[in-house]
Amino acid sequence: MIETEARVLRVEPGAAWVEPKPHSPCGQCDAEGGCRSLSIARLFSGRDPVFRVLDSLGVGAGDRVMVAVPEKSLRQSVLLMYVLPLFALFAGALLGALFGEMASALAGLGCLLLSLLLVRNRAQRLSEDGRFQPHIASKLGPDAIVAAPRSCRSKNRPLE
């Protein structure tokens with residue numbers, strides 16, 4: 001399981017809307033450039049991230065919780081959304097190359113679009129499956145201390 005701390009903003013039957021706690025820099029990056037992971041995250045987030053998660057514990061607004069995502073679902077999502085379309089693009093282009101350059105480009109594009117439709121269809125089915133959705137794993141007390149990350153996420157090496 002991949003877990004992160006979050007604060008519950010509002011609840012609805014069977015679900016809660018949470019705001020993840022921002023991660024602090026680990027101290028491994030240079031002072032001038034700062035943390036690369038945080039910089040990239042801030043670049044792509046125009047607003048504060050808010051997520052809908054399954055709630056089987058019955059939490060309330062303002063509670064601190066641990067949100068968990070199964071690693072298997074994350075791996076399958078990456079394969080489905082990134083690897084499959086890329087593979088389809090290359091496979092289509094290689095097959096089309098047997099008939100010329102224009103056929104290669106058209107076959108690659110066609111296979112890419114077909115794979116994106118397949119991804120969309122599969123993602124809609126998986127979004128209804130509770131095994132692939134983030135959920136509240138536990139409720140944290142007001143004085144709970146969550147362990148700091150053990151490695152620098154942007155340099156992918158252990159802290160010293």
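Coordinate-derived values only; no laboratory data. All values derive from a computational prediction rather than experimental measurement. Don't worry about glycine lacking a Cβ; one is built from the backbone with ideal geometry, like all the others, and counts go over all protein chains shown.
So here's what we get for this one:
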quantity	calculated
Highest-first arrangement of 112-119, 73-80, 60-67, where packing means the average Cβ count within 10 Å	60-67, 112-119, 73-80
Nonlocal amide H pairs with D63, under 5 Å, H built at 1.01 Å	V8
Charge sum, other residues only, whose C-beta stays under 11 Å from S77's C-beta, Lys/Arg counted +1 and Asp/Glu -1	+2
